[in-house]
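Peer 1: Just dropping this structure here.
The values are calculated or read from the model by the stated rules, or taken from the named source; none is laboratory data. Predicted, not measured: the structure shown is a model, and the values here were computed from it. Glycine gets a Cβ as well: all are built from the backbone with ideal geometry, and neighbour counts include every protein chain shown. SASA here: full protein model, heavy atoms, side chains in, ligands and nucleic acids out. Shrake-Rupley method; radii C 1.70, N 1.55, O 1.52, S 1.80 Å.
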There are 2 protein chains.
Amino acid sequence: MSNQELVLTAIGGGMTPERAGSWAPALKALGDPVRLRLLGEVAASPGGEACVCDISGPFDLSQPTISHHLKVLREAGLVTSERRATWVYYRVNSDALAQLAAVLSDLAAVVGEPTSCEVAE
Amino acid sequence: MSNQELVLTAIGGGMTPERAGSWAPALKALGDPVRLRLLGEVAASPGGEACVCDISGPFDLSQPTISHHLKVLREAGLVTSERRATWVYYRVNSDALAQLAAVLSDLAAVVGEPTSCEVAE
């Protein structure tokens, strides 16, 4: 049950205001089709990293616009970046994505579970 | 490897524009701390369902504001609703959450995987 363990690690104890506040910005950053596609492009790039020059091809967007979306992803902790010579290279933060996946899995799993404070009527 | 199968079902073939466009609205709806907490409250309610009257307690928000957030979640397919007498009862759509979790897991898992079209230099 390693998946369940991951789930419990993620939000065992419920969706507290603090947890909701820490996860919402990353989910908000993911809530844009261009950014989801960019994550997919970066994740699938050789070696798991890419610069704007590598990934702008499939997008009908300017490089500054793509750079802006990558910056939003970086500020949300979903990608990391490293400057090398002229270009900034981006890498998907797979740990952050896995944690968000666990949060959503846990919400799905908890639906209708009996609670310890439930009283039979 | 049932988890991996779920992942492959979710986005095997990559993050296409169509898939990104279909998943982004739900992730955007999740990108709000109040809505995440509401999902947690509804999911953990006895029987997995709740009306505004049940869940407004922990929130420092009016019932109309909470109803608005629940409507956003419903329009994004993350909860379903059913009117019974005076109240609308909400239930978390655990399938939708599980699918989004699989999408994010897949993105995390694909990072740096060798691609079939990669050519050794």
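Peer 1: So who's got an amide H within less than 5 Å of the one on residue B:79, skipping anything under 5 residues away but keeping other chains? H placed 1.01 Å off N, in plane.
Peer 2: B:74, B:93
Peer 1: Need one number: nm distance between label points at residue A:18 and residue B:95, each 7 Å from Cα along Cα→Cβ, rounded to one decimal.
Peer 2: Spacing of the two 7 Å Cα→Cβ label points: 3.7 nm.
Peer 1: Give the Debye-formula value of log10 I(q)/I(0) at each listed q (0.11, 0.19 Å⁻¹), with one equal scatterer per alpha carbon of region A:4-103, two decimals each.
Peer 2: The calculated log intensity ratios at q = 0.11, 0.19 Å⁻¹ are -0.36, -0.89.
Peer 1: Hey, for residue A:95 with labels 7 Å out along Cα-Cβ, what do the inter-copy distances come to in nm, ordered shortest first?
Peer 2: 3.6
Peer 1: Leaving out ligands, DNA and RNA, calculate the buried accessible area for the pair B and A with a 1.4 Å probe, summed over both sides, in Å² to the nearest 100.
Peer 2: Separately minus together, B and A give about 3000 Å² buried.
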